[in-house]
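Working notes, beginning with the structure itself.
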Amino acid sequence: MIILFGGSPIDILKNTTLFHPTAELKELMVLEMLDKDTNITQKELSNKLSVATSMINQYIKQLEEKQFLVKDKKSSRNVNYIVTSRGIKRKKYLLMTYVYELLQLYNLAKDSFDFIFTKIESKKINNILLYGGGEVAETVINLINERGDTDLKITAIIDDDDKKQGDKLLGYEIVDPRKLNYSNHIILITSYTYEQQIRKKLKTLKVPEENILNVFER
């Protein structure tokens, strides 16, 4: 099973760093939030989406003009925003477009990582330890799990952050690097920033250099 995303739709939309906040993406985010909570205020929308209240007011006016929203005025200060059936269709269309673009990037990543998996398989060692319990590790886990024709097996995730140790990432335990037996394992570094520090630590732990690979290498 591929787990591409985690968290609420708004968290996912807000936390993407490679996508510019286009008008369509802002429209999707506003529609999503109003569909989830008709009582939400413009100030709350402003805070959650990290944009000025004046911009939220503008987005809502535009959505009303397109008949994606209607106002339900309870009083001068109490206004509910109802997403219309037309607005629901628009939201679903925008969401599917967004997911399609993410899947295109996912497929690109899959092609890119095939090289490192082939390299691991050539070493005739099937057991893998991922070093770095972050987003890259999640991606690698999904990519390996998707490869139905491979004997590669992730046995654990290593991380130097003691706050992560003992937790799990997609079902795999995050462990202290000093508490592992590295024999008959490939160590796949999934940290972009700390590769050199990780290699030095693995050297002190007597891990053979030929069994250490970096997911970003070519």
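Percent of alpha carbon pairs in the range 68-116 separated by more than 13 Å? Roughly 69 percent, rounded to a whole number. What percent antiparallel are the DSSP beta bridges of the range 115-218, to the nearest 5? That works out to approximately 10 percent antiparallel. Counting only alpha carbon atoms, the long axis of helix 85-122 and the longest principal axis of the chain meet at about 10°. The residues of the range 67-218 have, on average, 61 Å² of accessible surface per residue, using a 1.4 Å probe with all protein chains present. Summary value for the chain: 16 percent relative contact order, contacts being C-alpha pairs under 8 angstrom separated by 6+ residues. If you take all other residues with their beta carbon under 10 Å from the beta carbon of L31, and give Lys and Arg +1 and Asp and Glu -1, the sum is +2.
Summarising the strand pairing of the chain, around 35 percent of its internal DSSP beta bridges are antiparallel.
Each peptide in 42-53, 185-196 gets a packing score, the mean of other Cβ atoms within 10 Å over its residues, and the list from highest to lowest is 185-196, 42-53. Each helix, a run of at least 4 DSSP H residues, gives -39500 (n - 2.57); summed and divided by the residues of the chain, these come to -15000 deg cm²/dmol at 222 nm. From the cross-link list K61/K91; K61/K92; K48/K163; K43/K71; K26/K66; K110/K164, which pairs have alpha carbons spaced over 18 Å apart? Check vs 18 Å cut-off fails for K61/K92; K48/K163; K110/K164. Kirkwood's formula applied to the C-alpha pairs of the chain gives a hydrodynamic radius of 20.3 angstrom. Using the Stokes-Einstein relation with a Kirkwood hydrodynamic radius computed over Cα pairs, the translational diffusion coefficient of the range 51-163 at 4 °C and a viscosity of 1.567 mPa s comes to 70 µm²/s. Overall, the accessible surface of the chain at a probe of 1.4 angstrom is composed of carbon and sulfur to the extent of 50 percent. On the principal axes of its alpha carbon atoms, the range 96-218 extends 47, 34, 24 Å, with the longest extent given first.
The values are calculated or read from the model by the stated rules, or taken from the named source; none is laboratory data. What you are looking at is a predicted structure, and each value in this text was computed from that prediction instead of being measured. We place every Cβ from the backbone using ideal geometry, glycine too, and count neighbours over all the protein chains shown. Remember, those area values only see protein heavy atoms, side chains included, never the ligands or the DNA or RNA. Shrake-Rupley method; radii C 1.70, N 1.55, O 1.52, S 1.80 Å.
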